[in-house]
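Bear in mind these aren't lab numbers, they're just calculated from the coordinates by the rules spelled out. Just so it is clear, the model here is predicted, and its values are computed rather than measured. Cβ coordinates were reconstructed from backbone atoms using ideal geometry, including for glycine residues, and neighbour counts include every protein chain displayed.
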Amino acid sequence: MDKTTGFVTFDAKRASVKERLIYDQVRKAEVIYAQRLRGLSQRIVTMAYDALKSMGPVVDPAILINLAELLNKYGDVITPWAKIMAQKMVHDVALRDTRMWIERSKNIAWGIRQEIENAPIGDILKQRMEDQIGLITSIPREVASQVHQMAITSLYSGARADVLVKHILAMAETTKARANTIARTETSRTVLELTKARAEHIGSPGYLWRTSSDEDVRPSLFLSPKTFNKLNTRAKGSHRLLEGTFHKWSEPPISGPNGERSHPGGIYNCRCVAEVIVPHFPPDKLQAQSWQWSQRPKSHLNAW
Ligand SMILES: [Zn+2]
């Protein structure tokens, strides 16, 4: 416990091996979700390929309109499937999140466990599922709308059929990258929203921002030094500089290059997590052990 503020933190870096395993399982939920969504993208590519095969040297707008209709219908047809995928991801994350808090509350004790279990998360789970269904079904629908637009412009643009076909197939391929982004962003956001709801329910004032401490933390080390330096500022939302800093749940810091604000995991492609600070509960014999467990080096306190 930090003696000056009366708060203890959940330290992800020093968490038990068991807790780490549970955290890895959250990432596993992301990987499975991404695989399923990429499968959906592959189906879109195949549909586009099959429909465009019959295109001759001259653009036939009817073929494009047919493809657009097919993709739109596909968006409707996959809704029940999308619901199952969404339920699976949200359920997996929620289950693992519950396990993680139970694991953590063993170290904190003081009856906090019951409080965590009573946190109102039902509405969050429902909302997260609905958001997923919208996102999943939007993947074919967005391609449909672009193909439809091309059908209209092709009537007077005189575009070459082979160029157009190549363009549409490339566009269908890009949905695979979008599938990965959706899986990562949505899994992290689900973790964040569950963490936030439970943390606020037990009176947590905020958290320490924790990155995954690797070269991909934004700005990525794979960028040119010039771009890296430009992006590695608090104003540009560098997650590297946010590492270890304290934030209130009511005041998300700048985490995006255009001044977007979010908590860790709340912005696209972010894998950062919140190391929750929980209020100091009445002492009992478990306290000494917990204090020692949660003590942080002096340097960290300066950021508070
Ligand atoms: Zn991040």
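Overview of results
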read-out: Karplus-derived HN-Hα couplings along the range 190-205 (A = 6.51, B = -1.76, C = 1.60, θ = phi - 60°), whole Hz, x at Gly and Pro; value: 5, 4, 4, 5, 5, 4, 5, 4, 5, 4, 5, 4, 9, x, 5, x
read-out: Computed Kirkwood radius, in angstrom, where 1/r is averaged over Cα pairs of the range 115-220; value: 17.6 Å
read-out: Table column - 3J(HN,Hα) (Hz), the range 73-85, Karplus curve with 6.51, -1.76, 1.60, x for Gly and Pro; value: 5, 4, x, 6, 4, 7, 3, x, 5, 4, 5, 5, 4
read-out: Cβ-based exposure ranking for PHE228, PHE222, in which fewest neighbours within 10 Å come first; value: PHE222, PHE228
read-out: Dipole magnitude of the range 128-194 about its Cα centre (Cβ charges: Lys, Arg +1; Asp, Glu -1), debye to nearest 20; value: 180 debye
read-out: Of LYS126/LYS196; LYS126/LYS248; LYS53/LYS166; LYS28/LYS83; LYS28/LYS230; LYS176/LYS236, those spanning more than 22 Å from alpha-carbon to alpha-carbon; value: LYS126/LYS248; LYS28/LYS230; LYS176/LYS236
read-out: Sequence-distant residues sharing a close amide H with CYS272 (under 5 Å, placed H); value: GLY265
read-out: Ranked LEU125, LEU95, LEU192, criterion: other C-beta atoms within 10 Å, fewest first; value: LEU95, LEU125, LEU192
read-out: Residue order, fewest to most surrounding Cβ atoms within 10 angstrom, among VAL59, VAL217; value: VAL217, VAL59
read-out: Cα gyration tensor, the range 170-251 - rounded (a/c under 1.5), prolate or oblate; value: oblate
read-out: In Hz, Karplus ³J(HN,Hα) per residue of the range 153-170 (6.51, -1.76, 1.60; θ = phi - 60°; x = Gly, Pro); value: 5, 5, 5, 10, 8, x, 5, 6, 4, 5, 5, 4, 4, 4, 4, 5, 5, 5
read-out: VAL59 long-range amide H proximity, modeled H, under 5 Å; value: ALA161
